[in-house]
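Working notes, beginning with the structure itself.
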Amino acid sequence: MTSNSTTTAAPSAPLIDVHAHFVTPDYVDTARAAGHRQPDGMAAWPTWSAAAHVELMDRWGVATSFLSVSSPGTHFGDDAAARHLSRRVNEAAAEVVRAHPGRFGHFAALPLPDVDGSLQELAYALDDLGSDGAAIETNAGGVYLGDERFAPLYAELDRRRTVVFVHPTSPPCYEAVSLGRPRPMLEFIFDSARAAGDLVFSGMLTRFPGIEWIFTHGGGALPLLADRMELFRDPLFGEDPTGPTVPEQLSRLWFDMAGTPFPRQIPALDRAFGTGRLLYGSDYCWTPAAAATAQVASVDAAEQPIGDTWRALTTRNAGRLLPRLRAGGGNAPDTE
């Protein structure tokens, strides 16, 4: 829990950004051709360059950013095309990492719901490209993460003890529920909770304990729903009440603070699950630079943890999670 102090974090304390995005012209053109001209109801696609990103990282005090493809992912209906697109964006990200030593890492895009293609791309990304984990969406064409067809992929992720960055995307029913508004405003928050709940109630979290799942935006609605989900873990509703509780299972997830972390989001997450697995995330380039700058300022101006800072706490947590940082491949300080 935090103290009543209003001490702010030292600007020199570096951050590790686990929720940073990139786009390539090829990726944007392919997505637009597939019908994503206003992705997830947003007005336009962002632009991105490594040089501009590094300049902003220096301004924000971010040592290393872990890049990933955001929603709508890389699968637009055709398995073969999704495999090719995933390979192209992963190779592009790997080149950025090589060209900027210590400044970037990469979570590889997988062409879900194509499980065979995802297994192939996972092996290539981890073994040949040196990716730091995998990035998937909260649902893949309406298939949620607890679906049994994903079990072969999870078995391999579990064997490798892989970090899996779960980014929200539009739910399959978004036309009925988003009311014409951009889906990242509300639907992303609920889809993160829906996907995490599906992992819990399908048994995937306990079945594959070696996977290190990162959920974004403070877990979305999870801090408010965890107790309600536990209430429904009852034989009356066809669930097995034995084993770890829902809050206990959710507490094993990692959460980033992208979005609007203070004054309410992170205190709620802290009360629900603690901050031992809290990470920093900017959501740049989908969050514009000005908004990301304001978000960093809110982190530094917030009430800080007792005897600590949000910068130092999240960076220590990232050092425990990501081997690149422990091996000295990033610019993180001592994380012991």
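Given the conditions (1) part of a loop (DSSP other than H, G, I, E, B); (2) modelled with pLDDT under 95; (3) crowded, with 19+ Cβ neighbours inside 10 Å; (4) of a type outside the set (Lys, Arg), report the number of the one that MET185 does not fulfil.
The single condition MET185 does not satisfy is (3).
Could you please find all residues in segment 188-203 being outside any loop (DSSP other than H, G, I, E, B) and not acidic (Asp, Glu)?
PHE188, ILE189, PHE190, SER192, ALA193, ARG194, ALA195, ALA196, GLY197, LEU199, VAL200, PHE201
Show the residue pairs meeting these rules: Cβ distance below 6 Å; 6+ apart or different chains; first residue within segment 260-280 and among the β-branched types (Val, Ile, Thr); second residue in a loop (DSSP other than H, G, I, E, B).
ILE266/MET257
Got a sec? Which of PRO168, PRO172 is farther than 21 Å from ASP256 by Cα and not acidic (Asp, Glu)?
Within the list PRO168, PRO172, the selection yields PRO172.
Residues are listed down the side, and each one gets a yes or a no for (1) touching a residue at least 24 places away in the same chain (Cβ under 8 Å); (2) outside any helix (DSSP H, G or I); (3) among the aromatic types (Phe, Trp, Tyr); (4) buried (at least 22 other Cβ atoms within 10 Å of the Cβ):
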| residue | (1), (2), (3), (4) |
| --- | --- |
| PHE107 | yes, yes, yes, yes |
| ASP116 | no, no, no, no |
| LEU119 | yes, no, no, no |
| ALA125 | yes, no, no, yes |
| ASP128 | no, no, no, no |
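Looking only at segment 204-220, which residues are at pLDDT 95 or above and in a loop (DSSP other than H, G, I, E, B)?
PHE208, PRO209, GLY210, ILE211, THR216
Tally time: how many residues in segment 273-283 are touching a Gly at 6+ places or on another chain (Cβ under 8 Å) and either surrounded by fewer than 23 Cβ atoms within 10 Å (Cβ to Cβ) or not in a loop (DSSP other than H, G, I, E, B) (or both)?
Adding up the residues that qualify gives 1.
Pairs please, first residue from segment 38-65 and more than 20 Å from PHE107 (Cα to Cα), second anywhere and aromatic (Phe, Trp, Tyr) and at pLDDT below 95, Cβ atoms under 9 Å, 6+ apart in sequence or on different chains.
ASP40/TYR174; ASP40/PHE188; GLY41/TYR174
When only residues in segment 225-259 that are farther than 19 Å from VAL166 by Cβ and of a type in the set (S, T, N, Q) count, which is modelled with the lowest pLDDT?
Among them, the one singled out is THR242.
The values are calculated or read from the model by the stated rules, or taken from the named source; none is laboratory data. Quick caveat, the model's predicted, so the values are computed rather than measured. Counting neighbours? That spans all protein chains shown, and the Cβs are built from the backbone with ideal geometry, glycine included.
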